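Take a look at the structure below.
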Amino acid sequence: MHPWKQKSKILVTCPKGASVYLRKEIDDFGFSVRREIDTAVQTEGTLEDTLLLNLHLRTAQRVLYQLQSFKVVSPGELYAKLNALPWEDIVHGGGKSAYLCVTSTVDNPSITDTRFVNMKVKDAVVDRIRDKTSRRPDSGPEKERAVIHLYWKNDQATVYIDTSGERLSMRGYRKMPLQAPMQETLAAAVIMATGWRGNFALVNPMCGSGTLAIEAALFALRRAPGLTRNNFGFMHIRGFSQYIWQELRERAREAVRKTLPFKIIASDIDDFAVKAAKINARGAGVDHAIDFLTCSFAETPLPHGRGIIILNPPYGERLEAREDKPARDFNKKETRAGKTFIIRKGAAAKEKPVSGRQKLETLYAGIGDFFKSAGASGSRFGYIFTGNLEMAKSVGLRTKQRMLFYNGDIECRLLEYELYADSRRRPKSS
Ligand SMILES: C[S@@+](CC[C@H](N)C(=O)[O-])C[C@H]1O[C@@H](n2cnc3c(N)ncnc32)[C@H](O)[C@@H]1O
């Protein structure tokens, strides 16, 4: 039976620390959860099921459909076992999808260079297709077409179709990422961690490129995050049905709420950031659901009634690393890790004041004061997402919860503060 109709294990990866939220999402869609680790959740289903998972999951990075798992001790044996699989039914040998990218995670003492393993996998697949069809796909590092992933630990290897291709955090809406943006999937997990279910106001001062506010709006509008993206790995697997995919998209579109009966407010002191956030929100199809404004976090208007406030202040760490750098040219583009950042003239110089330790302490203490006054408007909880645990102490309020996350390899916390109508009821504490 072809994988499109054949049930197999599906490994869904996520940002480290977010698996509890991914697990809930997978469970809500009626898929069984077989295993959960820090960075992934294992479920099962057909290759066809991966379309739905790619379209709807908010906290998933990649959806990997397991083709085969086997014992292997050497690269030669790996080649032989992979070459025996019917790749001619999976990867196109000709046409515009006839391109293969191999990725791998290898934890085996005899392998020092994963590129060698990737080449072995690629050779096994391409040789098989050439032998069976007299055609051969091209190969390379681009993840825009078929992607095969190998996980090899000790003597056990597992080969997957990476049905996402590019990771799912690349939703396609972030046209202007600025600097230090949160990954979209992490932002979605952080929103889920607050317990907010899109039923009352959410205020996001210090919004930067708008990721938290946009993910909140997508969630509240029940808009599938995959609707903004037009390319996934599964589209390049033989037998992909455009009809089934369009049906799924159509159903997802029908489920979108047109408006929200409450406000999502996003603000930043930096007018350029606010402009970028607006453009990104438009790209995500949620700009009508967010009120954007340029102001200091403390001046952000809070709607009356129930609501939450969530901020992702500067950590200091990354900004300090830029302290010595000279001012840069106007709207200069820099590419890092495959992403283009717009750097404004004098950006480093302007950010310098908040990079000093004292300034950061004052900023975090100011957030504490803001939270204290916010209780009067009806806001019930305040949240700070930060990678600077030292600075978090400067907030000067007692945390109700401290939730562990990772932003890349930076250990972060989502700090939850309960807000009170009468701030005097809760004195400062360490
Ligand atoms: C870490 S970035 C937020 C990144 C954002 N979560 C994203 O995904 O793009 C911190 C933001 O705080 C803003 N900021 C710094 N000081 C501020 C202040 N006093 N009032 C309002 N915003 C401020 C900066 O302009 C920056 O956009």
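So what's the convex hull volume per residue for the Cα atoms of region 87-131, in Å³?
For region 87-131, the hull spanned by Cα atoms encloses 74 Å³ per residue.
With +1 on each Lys and Arg Cβ and -1 on each Asp and Glu Cβ, how big is the dipole of region 8-162 about its Cα centre, in debye rounded to the nearest 20?
200
Provide the per-residue ³J(HN,Hα) series for region 226-234, in order, calculated from phi with Karplus coefficients 6.51, -1.76, 1.60 and θ = phi - 60°, each as a whole number of Hz, with x at glycine and proline positions.
Ordered by residue, 3J(HN,Hα) equals x, 5, 8, 10, 10, 9, 9, x, 4 Hz.
Tell me, what is the FRET efficiency for residue 153 and residue 131 to the nearest 0.05, using R0 = 35 angstrom and their Cβ-Cβ distance as r?
0.75
Between the alpha-carbon centers of region 360-406 and region 154-210, tell me the distance in whole angstrom.
Value for the Cα centre distance between the two parts: 22 Å.
Could you put 90, 384 in order, starting from the residue whose Cβ has the fewest other Cβ atoms within 10 Å?
Going from least to most buried by this count: 90, 384.
Mind checking the full-extension length gain between residue 242 and residue 304? Use 0.36 nm per residue of separation minus the Cα-Cα distance, one decimal, nm. Before the final figure, lay out the partial values.
Working: separation 62, 0.36 × 62 = 22.32 nm, distance 4.65 nm.
Length gained, residue 242 through residue 304: 17.7 nm.
Between region 211-244 and region 115-138, how many Å separate their Cα centres?
Going from one Cα centre to the other spans 30 Å.
Once phi is turned into θ = phi - 60°, what whole-Hz ³J(HN,Hα) does the Karplus curve with 6.51, -1.76 and 1.60 give for every residue of region 248-261, x standing for Gly and Pro?
With the stated coefficients, region 248-261 comes to 4, 5, 4, 5, 5, 5, 5, 7, 6, 6, 6, 9, 10, x Hz.
Given points 7 Å out from each Cα along the Cα-Cβ axis, report the residue 77 to residue 96 separation in nanometres with one decimal.
4.3
Rounded to the nearest 0.05, what FRET efficiency do residue 420 and residue 228 give with R0 = 45 Å and r taken as the Cβ-Cβ distance? Could you check?
0.70
Which one, 118, 405, 259, projects farthest toward the positive side of the charge dipole computed for the chain from Cβ point charges (K/R +1, D/E -1)?
Of the candidates, 259 comes out farthest on the positive side.
Under a plain spin-label model, where a point goes 7 Å from the Cα along Cα-to-Cβ, how far apart in nm are residue 32 and residue 296?
Distance between the two pseudo-spin positions: 5.8 nm.
Given R₀ = 41 Å, what would the calculated FRET efficiency be for residue 144 paired with residue 411, taking r from the Cβ atoms and rounding to 0.05?
So, using R0 = 41 Å, E works out to roughly 0.80.
Sequence gap at least 6, Cα distance under 8 Å: using those rules, report the relative contact order of region 8-162 to the nearest whole percent.
So the answer I get is 25 percent.
Quote the charge dipole size of region 221-270 about the Cα centre in Debye, to the nearest 20; the model charges only the Cβ of Lys and Arg (+1) and of Asp and Glu (-1).
Approximately 200 debye in magnitude.
Among 2, 56, 286, which residue has its Cα positioned farthest towards the positive end of the charge dipole of the chain, with +1 placed on the Cβ of Lys and Arg, -1 on the Cβ of Asp and Glu, and the dipole taken about the Cα centre?
Projecting each Cα onto the dipole axis, the largest value belongs to 286.
Could you check the simple spin-label distance between residue 269 and residue 253, using points 7 Å along Cα→Cβ, in nm with one decimal?
4.3
Amide H neighbours of residue 168 under 5 Å, counting only residues 5+ apart in sequence or on other chains, H built in-plane at 1.01 Å?
Here 62 satisfy the definition.
Top mean-square fluctuation among 104, 19, 379, Gaussian network model of the chain, C-alpha springs under 10 Å?
Residue with maximal mean-square fluctuation among 104, 19, 379: 104.
Taking the C-alpha atoms of region 1-79, how large are the radius of gyration and the largest Cα-Cα span, Dmax, in Å?
Computed over the Cα atoms of region 1-79, radius of gyration and Dmax are 13.6, 42 Å.
Which shape class, rounded, prolate or oblate, goes with region 230-288 when its Cα gyration tensor gives a ≥ b ≥ c as root eigenvalues, a/c under 1.5 marks rounded, and past that a/b bigger than b/c marks prolate?
It is oblate, given that a/c is not under 1.5 and a/b is not larger than b/c.
Computed over the Cα atoms of the chain, what is the ratio Rg over Rh, Rh following Kirkwood?
1.01
Coordinate-derived values only; no laboratory data. All of these numbers come straight from a predicted model, not from anything done at the bench. With ideal geometry, Cβ positions are generated from the backbone for all residues, glycine too; neighbour counts draw on all protein chains shown.
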